1. Name the pairs: first residue in region 94-115 and closer than 19 Å to Asn330 by Cβ, second residue β-branched (Val, Ile, Thr) and assigned to a strand (DSSP E or B), Cβ to Cβ under 6 Å, at least 6 apart or on different chains?
2. When you scan region 275-327, how many residues do you find that are farther than 20 Å from Ile265 by Cα and either outside any strand (DSSP E or B) or of a type in the set (Val, Ile, Thr) (or both)?
3. In region 281-318, which residues are of a type in the set (Ser, Thr, Tyr) and buried (at least 18 other Cβ atoms within 10 Å of the Cβ)?
4. Give Thr250, Thr264 a once-over and let me know the one that is more than 21 Å from Gly287 (Cα to Cα) and under 27 Å from the mean Cα position of the chain (by Cα).
5. Lys156 - would you say it is open to solvent by 10 Å² or more (accessible area, probe 1.4 Å) and closer than 19 Å to Thr335 by Cα?
6. So Gly165 ticks every box in (1) free of Cβ contacts under 8 Å to residues at least 60 places away in the same chain; (2) surrounded by fewer than 19 Cβ atoms within 10 Å (Cβ to Cβ); (3) small (Gly, Ala, Ser) but one. Which box is left unticked?
7. Would a scan of region 347-366 turn up a residue that is part of a loop (DSSP other than H, G, I, E, B) and open to solvent by less than 20 Å² (accessible area, probe 1.4 Å)?
8. If Ser467 passes every condition in (1) at pLDDT below 90; (2) in a strand (DSSP E or B) but one, which one does it miss?
Amino acid sequence: RCLLKMVKGNIIVPEDILSFCCNGLQGSTSPPRAREPGEREEAPGAMAGPSPARNPTEVQMSQLVLPCHTNHRGELSTGQLLKWIDTAACLSAERHAGCPCVTASMDDIYFEHTISVGQVVNIKAKVNRAFNSSMEVGIQVSYEDLCSGKHCSICKAYATFVAQGPLGSKVRLKPLTPQTEEEKIEYSIAAERRRMRLVHKDTLKDLLTHSPQETELETRDGSGAVPAERTRVESVELVLPPHANHQGNTFGGQIMAWMENVATIAASRLCHAHPTLRAIEMFHFRGPSQVGDRLVLKAIVNNSFKNSMEVGVCAEAYGQEMSVSCRHINSAFMTFVVLDQEGQPRTLPMVAPEPGDGERRYREASARKKIRLDRKYVVSCKQTEVPLSVPWDQSNKVYLSYNNVSALKMLVAKANWALAREKDKVRMYTLEEDKFLSFRIEMSVCIPAGRAFSLLSNLRRRHEWDSHYVSAELVQKVDDDDMIYHVVSQKLRHENKPQDFVILASRRKPCSKGDPYVVAFRSVTLPTHPARAEFTRGETLCSGFCIWPESEEMSKVAYYNQAMPGYLNYVTTNVAGLSSNICSTFEACEKFLLKNKDDLISRLQD
């Protein structure tokens, strides 16, 4: 009755009703003040000051792990986690696209910890970069223990989504503008990750081509080989409306959960124990599935290593009549371990592959293990954890090239550069971090960006403007974008012999408008060019050029370098103004570019 009297002729909002109810419970007899027409509600926390802007594509999901989500050990099922990951990523993609999106692929996922019942899973997803009709979504997963307050990272993943219009047509996406330093780094490296995904299959083919063709079975003491056929699993699932997303297609996360289920069964048949999923290799969805489809899921253990095994699993879709040809939906490769009571991986039985396809899968599993290790320790780790000179071979060329370019892009995206010196048109900046002193030197040059890119990416001509270089020999042309040089430089102060380097030069043209031309350098090792007595072997971790077009005839050319200990004295002397060698070298670079900008074609032909 009180509320009815208040409503008559006044505007009552839920906050007022809640306030009235609370006051009533506390014995207050004063009714709440009715808000006058046109009066604005004061924002909660308005006196606390403005909050930082939030990425509009960011989606946060928190899920309490209940018994229905767990396996027999009371741990969160990985299949359920994959559902939540895919859901959060899809919602983030659709926030940016403004239309339905479907999962196209998922990069490698490494699960660092298990999650127990009663704990909370926190998932954060946001779009890193939008391309033409696809976009990369970054996902971070952690768990929270509500009793102890402990937080721990579970995994980090990158998913690719495609925006779809009416009747499945592709939608051109609007560009994404990164705001924070972290977003700028992810935005820049997303283009390089995309390039790596596109050559993923070719990497496996190249490795298998250059490896021995015969299958070598491992011998393991105290363990007999288990025929791979004993681990084979086949299961069928009927796609019902609860399994479909809001577009009517089978939910990608649901397909991944079903695949994880049959893969776990296959792994259990080998080890006769309950395995733990440790990693899922990069995979692609090849086509959609709809409500009413029959999904046939097949899994088999491809290879067993000492402490881990790889299970291959595929999903095929049929209509009501399963005699009709199937549609291949997805294939994935999952790595399992079996943990003992101390949480350490147990030794696993060997696998005896069947002749033909079984031996092919066995060999491919070994190749994929090497590729996974390359990706994990060259691509996924922090830049400071990558060895300076990583051995170069055909199997890791894609990942070393990725690491080379992404390290430079991360350095470029740093926000705390400070202007140290300015001489004429040349500006020198420094970036002081815990382990590195980096410098950037830049100027504007009257030359088209593409021409500057072609001239500066050819190390054989660097001695024409850089007095520190004596010679640069092209050792190996990996492809059009990656080359390996043997570089000889001048003697350093207090050294009685010149330095030499084996350098990987990776060049990239802009992926989209606003991106720079990139030429990145890092040290590698080659068995054909070991360290020699007449040289002091030098190393470079991260250096290179970025070139931004300012107009059709003007470019901003910037050189970046993370100074190594042997080079540090030279850098600090220039930063402090006690020497102008770096500025003078860059001025010589400008003269070189201006001199050669018109006769570039004839020079390249020579």
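The values are calculated or read from the model by the stated rules, or taken from the named source; none is laboratory data. No experiment lies behind these values; they were computed from the predicted model shown. Ideal geometry is used to build each Cβ from the backbone, glycine not excepted, and the neighbour counts take in all protein chains shown. Calculation scope for accessible area: heavy atoms of the full protein, side chains included, ligands and nucleic acids excluded. Shrake-Rupley method; radii C 1.70, N 1.55, O 1.52, S 1.80 Å.
1. Correct list of pairs: Val102/Val162; Ala104/Thr160; Ala104/Val162; Ser105/Thr160; Ile109/Ile280.
2. Adding up the residues that qualify gives 16.
3. As a first pass, look at region 281-318 and keep what is of a type in the set (Ser, Thr, Tyr): 289, 304, 308, 318.
Ser289, Ser304, Ser308 - these are the residues of region 281-318 that are of a type in the set (Ser, Thr, Tyr) and buried (at least 18 other Cβ atoms within 10 Å of the Cβ).
4. Values: Thr250 fails: more than 21 Å from Gly287 (Cα to Cα).
The unique qualifying residue is Thr264.
5. yes
6. It is condition (1) that Gly165 fails.
7. Checking region 347-366: at least one residue is part of a loop (DSSP other than H, G, I, E, B) and open to solvent by less than 20 Å² (accessible area, probe 1.4 Å).
8. The number of the failed condition is (2).
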